[in-house]
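Read the structure below first, then the notes.
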């Protein structure tokens with residue numbers, strides 16, 4: 001028998017007819033009309049080459065073939081129902097699993113060591129495959145392609161309903177100069193700030209950033225002498241030059257040259273920067289993915 005294209009609803013109808021021995025009651029049980037149930041019985045008879053049920057004053061009487069089929073069909077339907085309503089349980093303590101995690105530079109340095117220390121200690125069977133990206137919108141492309149399970153970065157601008165996110169890390173801007181720089185011994189007012197030569201961090205390769213936009217609103221402009229794509233390259237440059245940079249506070253504090261820097265609050269109002277945990281809607285309810293997202297969020301909250 002060729003089962004290609006067989007409608008599962010036919011088996012549901014057969015099971016209802018066996019239980020009720022009445023077309024009308026079977027239709028009510030399955031939520032279809034009486035004509036639809038009759039049509040299903042006709043299709044079943046053709047498919048199986050057997051009358052299946054004979055009408056009598058006592059209701060429908062199953063044929064020997066129908067009685068043979070009753071038990072395995074009922075068991076199969078029950079197994080399918082159980083498989084569809086039961087969520088598999090993910091047990092990280094014993095699981096052997098690899099998660100593909102997209103990371104921008106900031107979470108790679110600030111968060112990844114904490115995650116790996118916790119995984120090594122508590123969940124030795126869980127490993128990470130880290131994919132680096134700089135452009136904030138690259139995370140969406142990686143998620144769409146299935147190249148990563150989730151990402152941590154600045155919120156993308158091209159996400160829609162298929163891309164889900166939650167805030168994960170927050171940081172504030174500081175202005176840094178070398179401790180050897182005269183500006184490091186003075187208060188940082190706006191004029192002092194504008195007199196300095198500045199480094200711009202621009203992962204997307206732009207020639208102006210949030211600071212420049214904020215200054216432009218006041219009709220002012222700073223002197224940019226270096227633009228780099230990597231956040232964590234900046235502190236070492238500042239430590240050995242007379243330049244200044246306005247960067248995220250944890251970038252300065254995590255640098256090996258942090259002891260050579262002086263940190264100021266920027267003399268202009270800048271918003272805090274938020275890094276999101278980002279994932280695709282198709283994996284929203286997968287137990288392993290849910291667990292790993294909560295694991296990341298829990299450890300990010302300790303920073």
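The values are calculated or read from the model by the stated rules, or taken from the named source; none is laboratory data. Quick caveat: nothing in here was measured; it's all calculated off a predicted structure. Cβ sites come from the backbone with ideal geometry, for glycine too, and all protein chains shown count toward neighbours.
Where in the range 189-303 are the helices (runs of 4 or more DSSP H), entirely inside, with at least 3 residues that are surrounded by fewer than 17 Cβ atoms within 10 Å (Cβ to Cβ) and in the same structural domain as residue 123 (by TED's automatic domain parsing)?
It comes to 287-300.
Could you tell me how many of the residues in the range 209-250 are touching a strand residue (DSSP E or B) at 6+ places or on another chain (Cβ under 9 Å) and under 18 Å from residue 267 (Cα atoms)?
14
Would you mind stating whether residue 83 is free of Cβ contacts under 8 Å to residues at least 60 places away in the same chain and in contact with a helix residue (DSSP H, G or I) (Cβ under 8 Å, 6 or more places away or on another chain)?
Considered against the rule, which asks whether it is free of Cβ contacts under 8 Å to residues at least 60 places away in the same chain and in contact with a helix residue (DSSP H, G or I) (Cβ under 8 Å, 6 or more places away or on another chain), residue 83 comes out as no.
Test residue 152 against the stated conditions and say whether it is part of a loop (DSSP other than H, G, I, E, B) and outside the structural domain of residue 254 (by TED's automatic domain parsing).
Against the criterion (part of a loop (DSSP other than H, G, I, E, B) and outside the structural domain of residue 254 (by TED's automatic domain parsing)), residue 152 does not qualify.
Out of the residues in the range 124-145 that are touching a residue at least 24 places away in the same chain (Cβ under 8 Å) and assigned to a loop (DSSP other than H, G, I, E, B), state the one that is surrounded by the fewest Cβ atoms within 10 Å (Cβ to Cβ).
Ranking the qualifying residues of the range 124-145, first place goes to 125.
Conditions tested, residue by residue: (1) surrounded by 10 or more Cβ atoms within 10 Å (Cβ to Cβ); (2) more than 30 Å from residue 289 (Cβ to Cβ); (3) in contact (Cβ under 8 Å) with a residue 12 or more places away in the chain.
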| site | (1), (2), (3) |
| --- | --- |
| 26 | yes, yes, yes |
| 31 | no, yes, no |
| 69 | yes, yes, yes |
| 91 | yes, no, no |
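Kindly indicate the residue of the range 146-161 that is more than 22 Å from residue 90 (Cβ to Cβ), touching a residue at least 24 places away in the same chain (Cβ under 8 Å) and touching a helix residue (DSSP H, G or I) at 6+ places or on another chain (Cβ under 6 Å) and also surrounded by the most Cβ atoms within 10 Å (Cβ to Cβ) among those meeting that condition.
153
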